[in-house]
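Have a look at the structure below, then the notes.
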Amino acid sequence: MADISTPPEDEINDKEMPLLEHLAELRKRLLWSAGAFILAFLASYHFAPRIYDFLAAPLAHALEARGEKPQLIYTALYEAFFTYIKVAFFTAAFVSFPVVASQLYLFVAPGLYKREKRAMLPFLVVTPILFFAGGAMAYYVIFPAAWRLLLSFQDTPAGGDVHIVLMAKVSEYLDIVMKLIFAFGLSFELPVLLTLLGRVGIITSSGLKKYRRYSYVGCFIVAAILAPPDVLTMCLLAFPLLALYEISVISVKLAEPKVQTE
């Protein structure tokens, strides 16, 4: 009987490691990740007021367009301080993400075949790019449109005596900004996730096409959960999700294992 073995070009060249060495390697990767995050956090906290000013710029422009003075308030003595802590944490998570992702790859790489390593590298590069692209879309496209719509509810009805005036809190504004940026960043990872699943054979492009209508409904449900409670913002998140799903169908078709027929 012929001996069926792994092709030489697809062997795992890394030596086997005992449990203690695996734990030591994990500790090393965690320390590198934590160190990168801490350094990014310290640098981000130093520039936290400028970063917050950058995040608040879409709201400031929307208020100025209405002839209103842009301002945010806080009602607790510690609120501004903890807001800057949140800004630094938020920025550090963005900045250190490529380092954390690379450390994760370096930890799992010894257990991968050469072909699996070659397959993972493009995804390792594309993942942070798509995440930042999603955040940029939220900042430059979603925020201006959403803030203009939500600010329109300030207008007092004709003949009304009670004025509706926005007094936005710094912490609440930051929370909604971080939620949307992370929501769009994670949503843009959809093609990467589905393509990886397709490459290992868990899903197929034909299956994605078959359940397309249910996936569309799911995209709107996800957008309704992640977006603020208005139809415009929900649609602005749902439509990119639909486009990303269609891109995923194509990428899965290109990445899925080819069925060889005799």
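Under a model in which nothing but the beta-carbon of Lys, Arg (+1) and Asp, Glu (-1) is charged, segment 189-262 shows a dipole of about 240 debye around its Cα centre. Taking label points 7 Å from Cα along the Cα-to-Cβ direction, A80 and L20 give a separation of 5.4 nm.
Counting other Cβ atoms within 10 Å, keep those with at most 16, restrict to DSSP loop, and tell me which GluC sites (Glu not before Pro) in segment 43-98 are left.
For GluC sites (Glu not before Pro) across segment 43-98 that sit outside H, G, I, E and B with at most 16 neighbouring Cβ atoms in 10 Å, the list reads E68.
Potential lengthening of the chain between A243 and R118 amounts to 42.3 nm, from the contour at 0.36 nm per residue minus the alpha-carbon distance.
Taking label positions 7 Å along the Cα-Cβ direction at both D53 and I221, the computed distance is 4.5 nm, reported to one decimal.
Over 26 Å between C-alpha atoms is what I'm after, so list which of K86/K169; K114/K210; K28/K117; K114/K253; K86/K117; K114/K179 land there. Violating the 26 Å Cα-Cα cut-off are K114/K210; K86/K117; K114/K179. If R0 equals 22 Å, the separation of the Cβ atoms of F153 and C235 corresponds to a calculated FRET efficiency of about 0.80.
What spacing in nm lies between the two simple spin-label points modelled at A145 and L106, each 7 Å away from Cα in the Cβ direction? The answer from the label model is 4.1 nm.
Laboratory data are not the source of any read-out in this text; all were calculated from the coordinates shown. Keep in mind that this is a model prediction, so the values were computed, not measured. Because the Cβ atoms are built from the backbone with ideal geometry, glycine has one as well, and the counts that use them run over all protein chains shown.
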